[in-house]
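Written out below as structure tokens is the structure these notes cover.
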Amino acid sequence: MTWVDTLKLLHPFLAIGLVFPILGLVASLAWQTRQRRLQTVAGVKSKIPPVVGADHVRIGKVLTGAVVGICILGITRPSVGYILKNELVTQAPFQVVFL
């Protein structure tokens, strides 16, 4: 297995190792936030702390950043590979800057 193969596996490993656990945490906090709101509307004293909604928003922003970062990594690796394979830096520098 070469270093190129390792770079190809980096994107899926980071997605599974970072994004999926954060997604599960955000979904859990979303469920707790909804249950708290439903209990509040029903007039029942909720045992779920009020900070759950703020935590949901905060960790949701982290999830958004992680997804964007993984997408950029997934797009960048093939683009850089294409640039290096075809030696576009010397042949067509405008195309490299445009990418």
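Bear in mind that the values in this text are calculations on the coordinates, not laboratory data. Source: prediction; values computed, not measured. Reconstructed Cβ throughout: ideal geometry from the backbone, glycine too, with neighbour counts over all protein chains shown.
Dimensions of the chain along principal axes (Cα, Å, largest first)?
Here the Cα extents, ordered largest to smallest, are 70, 33, 15 Å.
Using the alpha-carbon atoms, what tilt in degrees (0 to 90, nearest 10) does helix 20-41 show relative to the longest principal axis of the chain?
30 degrees
Could you work out the longest stretch of the chain that avoids the trypsin sites (Lys or Arg not before Pro) located in DSSP loops with at most 15 other Cβ atoms within 10 Å?
Counting at most 15 other Cβ atoms within 10 Å as exposed, the longest clean stretch of the chain is 48-99.
If you fit an axis through the alpha-carbon atoms of helix 51-85 and take the longest principal axis of the Cα set of the chain, what angle between them do you get, 0 to 90°, nearest 10?
10 degrees
Could you tell me the distance between the Cα centroids of segment 31-50 and segment 1-15, to the nearest Å?
Result: 43 Å between the Cα centres.
State, to one decimal in nm, how far the label point of residue 10 lies from the label point of residue 75, with both points 7 Å from Cα in the Cβ direction.
1.7 nm
Taking the 0 to 90 degree range and rounding to the nearest ten, how far is the long axis of helix 3-14 tilted relative to the main principal axis of the chain, both from C-alpha atoms?
For 3-14 against the chain, the angle is about 20 degrees.
Nearest 500 deg cm²/dmol is fine: what mean residue ellipticity at 222 nm does the chain get from its DSSP H runs of n ≥ 4 alone, each adding -39,500 (n - 2.57), divided by its residue count?
-26500 deg cm²/dmol
For all pairs of alpha-carbon atoms in segment 33-84, what percent lies in each bin of width 5 Å, listed from the first bin to the last filled one?
Distribution as computed: 4, 18, 14, 12, 10, 9, 8, 7, 6, 5, 4, 2, 1 percent.
Suppose R0 equals 25 Å. What FRET efficiency, 1/(1 + (r/R0)^6) with r the Cβ-Cβ distance, do residue 68 and residue 41 give to the nearest 0.05?
The formula returns an efficiency of 0.15 here.
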